[in-house]
Structures are given as C-alpha cells and as structure tokens.
1. Assuming Thr245 fulfils every condition listed in (1) out of contact with any Leu (no Cβ under 9 Å at 6 or more places or on another chain); (2) farther than 19 Å from Val169 by Cα apart from one, which condition is it?
2. Taking the residues in region 42-62 that are open to solvent by less than 70 Å² (accessible area, probe 1.4 Å) and farther than 15 Å from Gly9 by Cβ as candidates, determine which candidate is nearest to ligand 1 (Cβ to nearest atom).
3. Has region 147-154 got at least one residue that is within 11 Å of ligand 1 (Cβ to nearest atom), assigned to a helix (DSSP H, G or I), of a type in the set (Lys, Arg) and not assigned by TED's automatic domain parsing to the domain that holds Asp273?
4. Pick from region 82-104 the residues that are buried (at least 20 other Cβ atoms within 10 Å of the Cβ) and of a type in the set (A, V, I, L, M, F, W, C): which of them is farthest from Tyr162 (Cα to Cα)?
5. Where the second residue is open to solvent by 80 Å² or more (accessible area, probe 1.4 Å) and part of a loop (DSSP other than H, G, I, E, B) and the first is outside the structural domain of Tyr124 (by TED's automatic domain parsing) and more than 10 Å from ligand 2 (Cβ to nearest atom) and lies in region 249-274, which pairs have Cβ atoms under 6 Å and are six or more apart or on separate chains?
6. So is Ser15 of a type outside the set (A, V, I, L, M), more than 24 Å from Ala223 (Cα to Cα), in contact (Cβ under 8 Å) with a residue 24 or more places away in the chain and in a helix (DSSP H, G or I) or not?
7. In region 187-226, how many residues are assigned to a loop (DSSP other than H, G, I, E, B), away from ligand 1 (no atom under 16 Å from the Cβ) and crowded, with 19+ Cβ neighbours inside 10 Å?
8. Would you check which residues across region 63-80 are within 19 Å of Ser151 (Cβ to Cβ) and more than 10 Å from ligand 1 (Cβ to nearest atom) and list them?
Amino acid sequence: MAKILITGGAGFIGSNLAHALVKDNDITIIDDLSMGKEENIADIDVTFYHHDVCDSAFMHKLLSENKFDYIYYLAAVSSVADSVVRPLETHRVNQESVVDTLEYIRTEKLPIKKFLFTSSAAVYGNLPDFPKTETSHVDPLTPYAIDKYASERFTIDYGNLYNLPTVAVRFFNVYGPRQNPESPYSGVLSIITECMKNNKPFTLYGDGLQTRDFVYVGDVVNALIKLATETNESTVYNIANGGETTLIDVIRTYEDISGIKLEITYKDSRHGDIKKSKADISKLKNVGFEPQWSLEDGLRNYWKYYSEN
Ligand code: NAD
Ligand code: UD1
C-alpha cells in the first residue's frame, strides 16, 4: 500500500484518479474547492484537506509529516480563459506552488518514488507542425500555457539536476464524469452535457471547425498511473487519444448518442483559442499504453453516468 498525495484531487481528473487508486493505497487530497467538489470524493475513503496549495507552510507540514511515495500534482486554475483574466493569481497556483513543492522535496530530501506534474497541450500554441509530438516547438500563448510550460520544465529539470524521480504529462482535451460545468470557462463537453440535460442553448465560440484531441478520463487515469509507477526518466509525455475532431462533429456525435438536439448560438471565437489540436502519442505507446475508449464509447459512458446521477 503506497502513500499518495493528489493535489486538486476533488477536481475532475483528480477525483477520477483517486477512485482508481483508493482500493490499494492510502490517499490524501488537498483541494481549495474553487472548481472541485467534496461530493466527487464523498464515496471513497481518503484524507481530505480543504486548503490552498499556495499556503507554503501548510504544504511543507503536510509533506514532512506524511512522507508520500507518490505525488500527483493536479491542483491548478485549469481554465485557459480564466488565466487571461487573472494572470497573477493563476500564476501563483499554476507555477509558484509547484516550484515551492519541488524545492521542499529537494531540500528536505523527502524519499518520494515519483512527482508527477500535469501540464497541457496548450503549450504548443498555434504553430503549424502537426500532429504535436513532445519534441514539437512550443508557443505558449496565454498565462496558463506559460505557467504550464515553466512548471513542466521545473519538474523535468529537478529530475535531471537533482536526481528527483519526476515526470510530466501534457493532457489534451480530457472529458468524462465529474467535470464541473458551472464556470463559463469549464471544459466544453461538460457545458454541452449540461445544456443537453437542461434543454439550454449552447454558445459556440468560433465556426465550430476548431479541432481537439478528445480523450476519455478513464484512459487518462490509466496513463497517469502507468507513468508514475512504471517509468524512470524525467521527461514529458503527451496524454491524448491521437484523434482529431471538430467541435461541430463532436456535437453531432453526442446528439446521436443522447437523442437530444442541441440549440446552438454562434459567437466570435475566444481570444487565444487554439485552432487545431491533435497529439502524436507514440512516446506513450512505447511505454505500453493503448487508449481503450473511442470517442463514441466515451461519450456514451459519460451520458450514461450523467443520466444516472
Ligand atoms: P479541475 O479544475 O477539475 O481540477 C483542478 C483542481 O484544483 C480543482 O478541484 C480546483 O478546485 C483545485 N484547485 C485550484 N486552485 C487550487 C489551489 N490554489 N489550492 C488547492 N486546490 C486548487 O480540472 P481538471 O480538468 O481535473 O484538471 C486537472 C489538471 O490537469 C490541472 O492541472 C489542469 O490544468 C490539467 N489539464 C486539464 C486538461 C483537461 O482537458 N481537463 C487538459 C490539460 C491540462
Ligand atoms: C482545454 C482545457 C485546458 C487544457 C487544454 C489542453 C478545460 C476547461 N480546459 O482547453 O485545461 O490545457 O484543453 O488542450 O478543461 N467552447 C465553446 N463554447 C463553450 C466552451 C468552449 O464554443 O461554452 C469552445 C472553445 O472556444 C474552444 C473549444 O470549445 O474552441 C474547447 O474549449 P475548452 O473545453 O475550454 O478547451 P481548451 O480551451 O481546448
């Protein structure tokens, strides 16, 4: 039984990860509930701290008292658009808290087995090379992307400079149960699900031809556990499905699955929005990962979960 810390563990991906790990491990979660929800983890036996990861003294105490084996660092202001509105506040969470944690682990020589940081496909920006491999050029266009890239580099360089066991991942567009739809900046499929369920109109920013590599959260959780427990190199991996779908196509597929027609209002595209996104996932496949969920199966499961809860 390993001791595991999940920062941001009451959020969408963190709570799905906690559900997958809880059976065989001792899980601690810290989350300020800015986007996460306690109900996401109410049905599992974890130690939960409703707290801000930017509280350095609290984090240091938590780390020194527990001697975690694995740290999955997911706490972040996860919205690109929100970071454009609040660059300094989001920077404190998305970068400073990460470096502070790494530095404490280093200086206190904490005996961790792995520190895993969750970065984003947003680091690639709008450059033409396609699909995106981990060696593609980066062009972070928003405070969110800048902080993700910097924190990812800190994570990898703490591995290479100081021999800490670290790894970083770049998620593409993750969807599935427990994604919070309540913010205007929430993930698009959570907003669409909410609109379908409540017969509300959906605002589509842009022409609907922007593409994304949508990956089901079940695949993401499996990839995270594999990278934390089965790899030894401080490096970065794309986590995605490897497909590319326009927003309008994903809506049509989802309409077929739910049997509900979405009412769409079109507005201008958002500032800093990425036009095309698709991952090359060869590096992840080389460590033995295969996505198990097609977009159709993932959407079907998401709709089923939503209908039952
Ligand atoms: P999420 O917003 O559901 O999860 C982030 C969690 O962090 C939330 O529960 C939030 O309450 C918590 N949090 C925010 N600020 C905090 C603070 N100061 N102290 C403590 N907790 C804090 O989003 P998610 O989709 O689960 O994302 C998890 C991670 O993956 C984030 O780092 C995000 O940037 C990254 N990511 C997500 C996607 C995606 O498609 N969902 C894609 C790329 C990267
Ligand atoms: C998402 C993630 C981000 C991650 C990135 C990696 C969230 C909230 N954002 O950003 O953390 O780093 O993937 O690829 O999970 N849209 C609408 N109407 C809406 C909402 C969105 O048309 O109501 C459009 C957006 O303008 C965008 C597309 O849908 O073109 C996807 O938006 P969103 O789900 O916010 O994802 P990303 O911006 O790609």
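1. The number of the failed condition is (1).
2. Cys54
3. Filtering region 147-154 down to residues within 11 Å of ligand 1 (Cβ to nearest atom) leaves 147-148, 151-152.
Then keep just the ones that are assigned to a helix (DSSP H, G or I); that gives 147-148, 151-152.
Checking the rest, the ones that are also of a type in the set (Lys, Arg) come to 148.
If we keep only those that are not assigned by TED's automatic domain parsing to the domain that holds Asp273 too, we end up with 148.
Checking region 147-154: at least one residue is within 11 Å of ligand 1 (Cβ to nearest atom), assigned to a helix (DSSP H, G or I), of a type in the set (Lys, Arg) and not assigned by TED's automatic domain parsing to the domain that holds Asp273.
4. Val93
5. If the second residue must be open to solvent by 80 Å² or more (accessible area, probe 1.4 Å) and part of a loop (DSSP other than H, G, I, E, B), the pairs left are Glu255/Lys261.
6. In short, no.
7. 0
8. Within region 63-80, Leu63, Phe68, Tyr70, Ile71 qualify.
The values are calculated or read from the model by the stated rules, or taken from the named source; none is laboratory data. If you're wondering where the values come from, they're calculated on a predicted model, not measured in any experiment. No Cβ is skipped: glycine too gets one built from the backbone with ideal geometry, and neighbour counts run over all protein chains shown. We work out accessible area using only protein heavy atoms, side chains counted, and drop any ligands, DNA or RNA first. Shrake-Rupley method; radii C 1.70, N 1.55, O 1.52, S 1.80 Å.
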